[in-house]
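The values are calculated or read from the model by the stated rules, or taken from the named source; none is laboratory data. Bear in mind that the values here come from a model prediction, so they are computed numbers and not experimental data. Neighbour counts run over all protein chains shown; Cβ positions are idealised from the backbone, glycine included.
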Amino acid sequence: FKWETKGSRFVIERLFEAGYEAVYVGGALRDIALGLTPKDIDIATAATPEEIEALFHRTIDVGKEHGTIIVLVGEEQLEVTTYRSESTYSDHRRPDDVTFVRSLHEDLKRRDFTMNAMAIDHRGQWIDPFDGLRHIQERTIQAVGQADERFEEDALRMIRAVRFVSTLGFTVESETQRAMQKHASLISYLAMERIKQEFDKMFRGEHLVQALHLLYETGLHRYLPASQEELPLQPFSLVQQPIEGWVLWAKYHHLTSADVAKAYKLSKKEREAIERYLTLAQEREWTLWTVYHYSLEELLFIRRLNERPETEQQLRQMKAQLPIQSKRDLAFDGKDVKRYYPNCLGENIGQLLTEIERAVVLRKVSNDTEEIIEWVNEHVYERLCTK
Ligand code: ATP
Ligand code: MG
């Protein structure tokens, strides 16, 4: 099949020849059904993790107790997971134990939504016991089996429904949505890392506003940190980059960046992005030095979002006026410092260059090596280069 890779074909065939049923499963099948090129494709099999390891030379154990082994074929890494059923969920977030099974149907039954509970076998035959293909055609998200039970077992599925609304633009089937409303409070049992993973994907979806609307409509937001209030959604329609969804989330809740960052356990990079944009939004006056550090798209976006006094035309003009666009354009670099100011202490070089960069951007000196030297001699030499 045209979406197969050499590695995936090899793994499926090898398992099959050894007498184990093996199929393609998971999110990639949705993409195939929608006529899109799938991202990496997952393989499920009746073989146990030990049996998988015995069949392939190079494997990585990434969670044998849950049944997942990575098989390395050439440059490819393929996730191969043993069919399993999940029994009781006393904490609404993790099955109490995982049971490996030999039946594909058992494995598909424990999956979240019908569109995610399909398989394709080695001959290319679709296995679709819960009508996932039809629901994909109808663009609806529907729980496998009893929605009530499925959300009680694992509350993350409700958040996943919301993220799929954002990425696919589907709507949630009414019985499934009713169950979300009913069990909304269960999401307070979830580990924040799992919610965050789904939110990362949600923020990147094209239908984010629709997804947030669902979050509010079902009342799920009331059990999320830092979002008890229902918020106007219009600004989110602006997201579609240049900025990260988390930035809006932070701004939106009128919280300092630290609150949202802490509650959702954001990464350092995400914290820095939030910091960067909140700083921009709060800066009293946008100088050339401010404008220099952000792209025009970012400036226009933050301006609109924060009802800044600057006009679009002003910002375009300021951007066009900048004598340099980045450090690389500066007519003076580290080598020049060594050459002209050999006595300058290493620890001061960074600051010296930043001060030159700033002076050039603010047009206190033109971007010309000779003139920069003159300016340094007059303004910073004594302070930074003589101690
Ligand atoms: P994506 O394309 O974004 O990776 P995906 O559907 O593959 O979407 P994954 O998180 O990679 O999402 O999960 C792979 C598969 O595992 C899903 O398609 C689904 O069948 C199953 N699954 C994942 N999370 C759950 C869950 N919480 N409950 C039940 N089944 C789940
Ligand atoms: Mg996936």
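Observations, loosely collected:
- Counted residues, the stretch 349-387 - those being more than 30 Å from ALA320 (Cα to Cα) and either in contact with a Gly (Cβ under 9 Å, 6 or more places away or on another chain) or crowded, with 19+ Cβ neighbours inside 10 Å (or both): 2
- Residue in the stretch 223-238 that is part of a loop (DSSP other than H, G, I, E, B), in contact (Cβ under 8 Å) with a residue 24 or more places away in the chain, surrounded by fewer than 18 Cβ atoms within 10 Å (Cβ to Cβ) and within 16 Å of ligand 2 (Cβ to nearest atom) present: no
- Looking across ILE60, ILE69, one residue alone is buried (at least 20 other Cβ atoms within 10 Å of the Cβ), outside any loop (DSSP other than H, G, I, E, B) and away from ligand 2 (no atom under 13 Å from the Cβ). It is ILE69.
- Identity of the residue in the stretch 132-147, under 21 Å from ASP42 (Cα atoms) and part of a strand (DSSP E or B), that ends up nearest to the chain's Cα centre (by Cα): ILE141
- Per-region count, the stretch 17-57, residues surrounded by 14 or more Cβ atoms within 10 Å (Cβ to Cβ), hydroxyl-bearing (Ser, Thr, Tyr) and either more than 16 Å from ligand 1 (Cβ to nearest atom) or farther than 24 Å from THR99 by Cα (or both): 2
- Here ALA250 meets each of (1) in the same structural domain as ALA143 (by TED's automatic domain parsing); (2) among the small types (Gly, Ala, Ser); (3) closer than 25 Å to LEU280 by Cα with one exception, condition (1).
- Selection count where residues are touching a residue at least 24 places away in the same chain (Cβ under 8 Å) and part of a loop (DSSP other than H, G, I, E, B), scope the stretch 104-131: 9
- Residues that are in a loop (DSSP other than H, G, I, E, B) and β-branched (Val, Ile, Thr) do occur in the stretch 324-333, at least one of them.
- Of all the criteria given as (1) part of a helix (DSSP H, G or I); (2) surrounded by 17 or more Cβ atoms within 10 Å (Cβ to Cβ), the one not satisfied by GLU79 is (1).
- In the stretch 90-120, the residues that are among the aliphatic types (A, V, I, L, M) and within 16 Å of ligand 2 (Cβ to nearest atom): LEU108, MET115, ALA117, MET118, ALA119, ILE120
- Scanning the stretch 1-46 for residues that are outside any strand (DSSP E or B), under 20 Å from MET118 (Cβ atoms) and more than 16 Å from ligand 2 (Cβ to nearest atom) turns up PHE1, LYS2, GLU4, ARG9, VAL11, ILE12, LEU15, PHE16, TYR20, GLU21, GLY35, ALA46.
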